[in-house]
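Working notes, beginning with the structure itself.
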Amino acid sequence: MKLILLGAPGAGKGTVAKKLMDLDGSVQISTGDILRAAVKEGSELGKQAKAFMDAGDLVPDALIMGIMEERLQAEDCKAGFLLDGFPRTIPQAEALKAVLARLNIALDGAINLDVPREVILDRLTTRRTCVDCGAIYNVKSMPPKVEGVCDKCGGQVVQRDDETEEAISNRLDVYNEKTAPLVSFYEKEGLLFSVSSTSSDEVVAAVRAKISA
Ligand code: ADP
Ligand code: ZN
């Protein structure tokens, strides 16, 4: 599958991507995970990205396109990819379209995860993330077996720096202003498929049905 996952922060893009990845060997590409790894490493990219991320603002398009243009040409993308958190702006979507055309890659679709704002807010404030492998937990509905420790890799499970109430509210505003317009962009491209469900299993089933149709 070659898919874009659209949806607000907390809509479940990462969870759905991980489940889809297990189905057919497609690789999840999360720009948020790539950026957090760069910040942790202290690389040049990480240094440039950190302040934007902590405030809940978007990292500049040019930085993101530099990473993604290279990432999409890696060997593991041949089996398929699930873009999680990218594109995030109309200029990124335009640039992605040009890159894919040049690499001769056709997308299967852009899946829009349509989740009510109250659900999103509740999820973001209770979400916890493994600093090492990016696994996602929820203090209410899906805590790790041992508090603060990742079930999968033993890494530390924490609340992200951009998951303070202030940064969350800014991320949702940024989403509405910069990213929500991608829904009509992909509708015009004839690639949009919207799913309204708060269950990731239901979303995965709907995507499978759509892709195999
Ligand atoms: P979420 O979808 O939960 O908001 P992500 O992990 O996708 O979180 O992204 C975290 C942060 O990383 C964003 O708030 C932004 O600062 C930065 N980021 C991730 N992807 C992009 C992108 N495609 N363009 C610009 N900034 C990005
Ligand atoms: Zn982990």
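Among the residues of region 175-213, just one is touching a Pro at 6+ places or on another chain (Cβ under 9 Å) and of a type in the set (A, V, I, L, M), namely LEU182. Taking first residues from region 1-15 that are on the phi > 0 side of the Ramachandran plot and partners that are within 8 Å of ligand 1 (Cβ to nearest atom), the Cβ contacts under 6 Å between residues at least 6 apart in sequence or on separate chains come to GLY7/LYS13; GLY10/LEU124. So is ILE111 under 27 Å from LYS210 (Cβ atoms), β-branched (Val, Ile, Thr) and assigned to a strand (DSSP E or B) or not? The answer is yes for ILE111. Suppose we keep only residues that are of a type in the set (Asp, Glu) and part of a loop (DSSP other than H, G, I, E, B) within region 139-185. Which one would you say is farthest from the chain's Cα centre (by Cα)? Only one residue tops the list, namely GLU147.
Of all residues in region 1-43, exactly one satisfies the criterion of being hydroxyl-bearing (Ser, Thr, Tyr), within 16 Å of ligand 2 (Cβ to nearest atom) and outside any strand (DSSP E or B), namely THR15.
Pairs are defined by a Cβ separation below 8 Å, a sequence spacing of at least 6 or placement on different chains, a first member in region 107-129 that is under 25 Å from LEU191 (Cβ atoms), and a second member that is surrounded by fewer than 17 Cβ atoms within 10 Å (Cβ to Cβ) and acidic (Asp, Glu); the pairs so defined are ALA110/GLU189. Going residue by residue through region 115-129, is there one that turns out to be part of a loop (DSSP other than H, G, I, E, B), at pLDDT 90 or above, of a type in the set (Val, Ile, Thr) and within 15 Å of the chain's Cα centre (by Cα)? Yes, there is a match, as at least one residue in region 115-129 is part of a loop (DSSP other than H, G, I, E, B), at pLDDT 90 or above, of a type in the set (Val, Ile, Thr) and within 15 Å of the chain's Cα centre (by Cα).
Inspection of region 66-85 identifies at least one residue that is part of a loop (DSSP other than H, G, I, E, B), under 18 Å from CYS133 (Cα atoms) and more than 16 Å from ligand 2 (Cβ to nearest atom). Among the candidates VAL131, VAL99, the residue that is touching a helix residue (DSSP H, G or I) at 6+ places or on another chain (Cβ under 8 Å) and within 16 Å of ligand 2 (Cβ to nearest atom) is uniquely VAL131. Every listed requirement among (1) within 16 Å of ligand 2 (Cβ to nearest atom); (2) closer than 18 Å to LEU6 by Cβ; (3) polar (S, T, N, Q) is met by ASN112 save one, (1).
Apart from one condition, LEU172 fits all of (1) among the aliphatic types (A, V, I, L, M); (2) within 13 Å of ligand 1 (Cβ to nearest atom); (3) out of contact with any helix residue (DSSP H, G or I) (no Cβ under 8 Å at 6 or more places or on another chain); the exception is (3).
The values are calculated or read from the model by the stated rules, or taken from the named source; none is laboratory data. Note that the coordinates shown come from a computational prediction; the quantities given were computed from them, not determined experimentally. Methodologically, a virtual Cβ is constructed for each residue, glycine included, from the backbone with ideal geometry; neighbour enumeration extends over all protein chains shown.
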